[in-house]
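S.K.: Structure provided below as structure tokens; questions to follow.
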Amino acid sequence: MGQLSPTRGRFTPHVRGLASKGKMDYILAMFEHLPSLVFADAEGRVMDFPDLAMVARSGDYLLPAAKEEVIPLPEGSQLYVLPERMPVGLDRKTGEVVVLESNPYEASSPVSAVAVFLPAAYTQTYLAAWERSHRACELPLLAYTALGWQDGFVTTAVRTDPSTRQDPNTFDREKIEKGILQWLQDLPGNRLVEHLVSCATCYGCPAALNLFQGREEAPLPTSPSCNAACVGCISLQVKGRPPSPQKRITFVPTPEEIAEVALRHIATADSPVVSFGQGCEGEPLIQAETICRAIGLVRSKTTAGTINLNTNASMPGMVARLADAGLDSIRISMNSARRETYEKYFRPSYPFDALSESAREMKKRGRFVSINLFVFPGLTDAPKEAQALRRFVEDNEVDMIQWRNLNLDPDVYLEMLGQNLPAGVGIRRLMDEIPCRRGYFNPYLG
Ligand code: SF4
């Protein structure tokens, strides 16, 4: 067996000293059926180690990954070997939570922890567990979900949306390439089309790929600037932090350019949704005047399709105007419904109450409101956070929560929050208890 050592730092072993001998034997027997730990060797090859059971993480807590908490690894998942982070597992014989410090199959050879980046439509219920070395740097802007082995790779996640619009095996490369050529030919000089071609071909953005494949939800980015400064912003990061996965759009398309793209997608796609507020831009409400005129142009030609706005909801007055112009739905991005936690992450230049005011402006007009919730196990399901989320949903008649995964190094997030988090209620239980529709994508509203 490789070199093992007890965990250190803020982690709290859950088991030892809890039970009498009889009860301990019963608990240890339970551990026998848990998924196994996986680790990566010095070459980055991922393998399982059955002597140790899979351990998952919720905020500051480590716990064994129960069988009912894991699912087979979804197609399209990406595995990440985590530098300067050692795997943490549960010793099935003692119930101890331990760090695997060297390769059990190759004495004194180094090992690394491994995590999963889940595909779209799947929400993480627990994080990957590791022990950080003092040489560790901040991890890239991804979500790090727990990984284990049980007759195949397993992970702690739940599918939150039946829509297959971003399932990897549904993208038809040939059709997309033909679509790109056709769009460029039919809408020459439309800068938004050119921008979206680079999104599709450089970033592999699923929304841009869907545009050129003529289906589901299409992106309408408009804004080079933002009025927030999210710690995990995916379109703009400062020097010394992990790079943002996308670059921000550098121009504001005209209402005519936007309407051309929207109308063509609505005319050609089944269940068409067109969405402002994409990963390759800042805050769309800053361009509300342009968007208002674009929506007017679209609605002057057709009532079909769903026009949606992904936003930080910072300007309730503008949201009201867009709804009057024909906006059908908004999706409000939040890491938390508690002011303190929200402001630590979003670092907004607007008041927190703007979010609920914007929701109410939409509901006053009978429109659809979603929350784009950045799920972080241990925080999202912490009792105070769960209560605040429920209150926000009920007070503002929120129609849907899109349970997305927070893309940020968990240790950086917890240090940023500086909160001592109690054990969470569990993400699955939270999903069951919050009284509103569950999903991952902006729905077509007919
Ligand atoms: S609201 Fe969006 S664009 Fe603005 S800082 Fe946050 S992630 Fe970035």
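The values are calculated or read from the model by the stated rules, or taken from the named source; none is laboratory data. It should be emphasised that the depicted structure is a prediction, and the values quoted were computed from it without experimental measurement. Quick reminder, even Gly has a Cβ in these numbers, built from the backbone with ideal geometry, and neighbours come from all protein chains shown. When the accessible area is computed, the model is the full protein with side chains, heavy atoms only, and any ligands, DNA or RNA have been set aside. Shrake-Rupley method; radii C 1.70, N 1.55, O 1.52, S 1.80 Å.
S.K.: Near K364, which aspartates and glutamates are there with a Cα under 16 Å away, not counting those fewer than 8 places off in the same chain?
M.R.: Answer for K364, where 16 Å is the Cα cut-off: D324, D328, E394, D395, E397, D399, listed by chain and number.
S.K.: Please report, in debye to the nearest 20, how large the charge dipole of the range 202-265 is about its Cα centre when each Lys and Arg carries +1 at its beta carbon and each Asp and Glu carries -1 there.
M.R.: Values: 6 positive and 5 negative charges, 85 e Å.
Using Cβ point charges on Lys, Arg, Asp and Glu, the range 202-265 gives about 400 debye.
S.K.: Note down the magnitude of the dipole of the chain about its Cα centre, charges +1 on Lys and Arg C-beta and -1 on Asp and Glu C-beta and zero elsewhere, to the nearest 20 debye.
M.R.: Details: 47 positive and 52 negative charges, 166 e Å.
Its charge dipole is roughly 800 debye.
S.K.: Measure off 7 Å from each Cα along the Cα-to-Cβ vector at E101 and K67, then give the distance between these two points in nanometres to one decimal.
M.R.: Each label point is offset 7 Å from its Cα along the Cβ direction, giving 3.4 nm.
S.K.: Please give the contour-minus-distance gain from D25 to R173: 0.36 nm per residue of separation, less the Cα-Cα distance, rounded to one decimal in nm. Write down the numbers at each step before the final one.
M.R.: Working: separation 148, 0.36 × 148 = 53.28 nm, distance 5.48 nm.
Once the chain is fully extended between D25 and R173, it gains 47.8 nm.
S.K.: Any chance you could tell me what percent of the C-alpha pair distances in the range 245-344 go past 18 Å? Please report the intermediate quantities before stating the final value.
M.R.: Working: 2397 of 4950 pairs.
Roughly 48 percent, rounded to a whole number.
S.K.: Where the centroid of each part is defined by its Cα atoms, how far is the range 62-120 from the range 176-196 in Å?
M.R.: Result: 44 Å between the Cα centres.
S.K.: Now for a separate question. Would you kindly derive the ³J(HN,Hα) couplings of the range 417-423 from the backbone phi angles with the Karplus curve 6.51 cos²θ - 1.76 cosθ + 1.60 (θ = phi - 60°), listing them in order in whole Hz, with x for Gly and Pro?
M.R.: Running phi through 6.51 cos²θ - 1.76 cosθ + 1.60 with θ = phi - 60° gives 5, x, 9, 8, 7, x, 4 Hz.
S.K.: Want the number for H33 to S108: 0.36 nm per residue separation, take away the alpha-carbon distance, what's left? Kindly include the intermediate steps, with their values, before the conclusion.
M.R.: Numbers: separation 75, 0.36 × 75 = 27.00 nm, distance 2.83 nm.
Extending this stretch completely gives an extra 24.2 nm.
S.K.: Put +1 on the Cβ of every Lys and Arg and -1 on every Asp and Glu Cβ in the range 168-439; which of L322, A259, G426 then has its Cα farthest towards the positive end of the dipole?
M.R.: G426
S.K.: Something else about it: Rank-order 327-336, 178-187 by packing density, defined as the average count of other C-beta atoms within 10 Å over each peptide's residues, highest first. Intermediate values should be presented prior to the final figure.
M.R.: On the way: 327-336: 24.1, 178-187: 15.4.
Order by mean packing, descending: 327-336, 178-187.
S.K.: Compute a Gaussian network model of the chain, connecting alpha carbons closer than 10 Å, and tell me which residue from A388, A53, A29 fluctuates the most.
M.R.: Of A388, A53, A29, the most mobile in the Gaussian network model is A29.
S.K.: Using protein chains only and a probe of 1.4 angstrom, how many square angstrom of Y126 are accessible, to the nearest 10?
M.R.: Roll a 1.4 Å probe over it and Y126 shows about 40 Å².
S.K.: Another question, if that's okay. Straight distance only, please: which aspartates and glutamates reach the Cα of K247 with their own Cα at less than 16 Å, same-chain residues fewer than 8 apart left out?
M.R.: Within the straight-line limit of under 16 Å, K247 reaches these aspartates and glutamates: E194, E281, E283.
S.K.: Compute the separation of the alpha-carbon centres of the range 382-429 and the range 303-338 and state it in Å as a whole number.
M.R.: Measuring centre to centre over Cα atoms gives 21 Å.
S.K.: Sum -39500 (n - 2.57) across every DSSP H segment of at least 4 residues in the chain, then divide by the residue count to get the 222 nm mean residue ellipticity, nearest 500.
M.R.: It comes out at -8500 deg cm²/dmol, rounded to the nearest 500.
S.K.: What percent does the relative contact order of the chain come to when contacts are Cα pairs within less than 8 Å and at least six residues apart?
M.R.: Numbers: 981 pairs, mean separation 63.7, N = 446.
Over the chain, the number comes to 14 percent.
S.K.: Starting at the first residue of the range 268-275, write each ³J(HN,Hα) from the Karplus equation 6.51 cos²θ - 1.76 cosθ + 1.60 with θ = phi - 60°, in whole Hz, x for Gly and Pro.
M.R.: 10, 8, 6, 6, x, 10, 10, 10
S.K.: Same structure, new question: Using a 1.4 Å probe over the heavy atoms of the protein chains, calculate the carbon and sulfur portion of the accessible area of the range 168-439 as a whole percent.
M.R.: Working: 5470 of 10720 Å².
With neighbouring chains kept in place, the figure for the range 168-439 is 51 percent.
S.K.: For the chain, what does the accessible surface come to per residue with a 1.4 Å probe? Please give it in Å².
M.R.: On the way: 18280 Å² over 446 residues.
Solvent-accessible surface per residue comes out at 41 Å².
S.K.: Ok, one more. If you average 1/r over all unlike Cα pairs in the range 177-260 and invert the result, what Kirkwood radius do you get in angstrom? Display every interim value, and only then the final one.
M.R.: Details: mean 1/r = 0.0717 Å⁻¹.
Its Kirkwood hydrodynamic radius stands at 14.0 Å.
S.K.: Let me ask something else about it. Quick one: of the DSSP bridges fully inside the chain, what percent are antiparallel, nearest 5?
M.R.: Values: 40 of 68 bridges.
Bridges in the chain that DSSP calls antiparallel: roughly 60 percent.
S.K.: How much of the accessible area of the range 4-159, in percent, comes from carbon and sulfur atoms when a 1.4 Å probe is used?
M.R.: Details: 3760 of 6720 Å².
Looking at the range 4-159 in its full context, I get 56 percent from C and S.
S.K.: Next up: Would you please name the trypsin sites (Lys or Arg not before Pro) within the range 202-305 that are DSSP coil residues with at most 10 other C-beta atoms within 10 Å of their C-beta? Walk me through the numbers before you get to the answer.
M.R.: Numbers: sites: R215, K239, K247, R248, R264, R293, R299, K301; in loops: K239, K247, R248.
Answer by residue number: K239.
S.K.: Please list 3J(HN,Hα) in residue order for the range 315-327, calculated via the Karplus relation 6.51 cos²θ - 1.76 cosθ + 1.60 where θ = phi - 60°; whole Hz, with x for glycine and proline.
M.R.: Here the 3J(HN,Hα) series is 10, x, x, 5, 4, 4, 5, 5, 5, 5, 7, x, 5 Hz.
S.K.: Averaged over every viewing direction, what's the projected area of the C-alpha convex hull for the range 168-439? Give it in nm², one decimal, please.
M.R.: Values: hull surface 56.9 nm².
Orientation-averaged projected area of the Cα hull: 14.2 nm².
S.K.: Could you pull out every one of the aspartates and glutamates with an alpha carbon less than 13 Å from that of K178, ignoring same-chain neighbours closer than 8 positions?
M.R.: D186
S.K.: Shifting gears a bit: Amide H to amide H under 5 Å from R331: which residues, 5+ apart in sequence or cross-chain, H placed 1.01 Å off N in plane?
M.R.: L309, N310, T311, S370
S.K.: Calculate the FRET efficiency for R438 and E397 from the Cβ-Cβ distance with a Förster distance of 22 Å, rounded to the nearest 0.05.
M.R.: Details: r = 16 Å, r/R0 = 0.73.
With R0 = 22 Å, the Cβ-Cβ based efficiency is 0.85.
S.K.: Oh, and also: Just to confirm my understanding: which cysteines in the chain have no other cysteine beta carbon less than 4.7 Å from their beta carbon?
M.R.: Within the chain, the cysteines lacking a partner Cβ under 4.7 Å are C137, C202, C226, C280, C292, C436.
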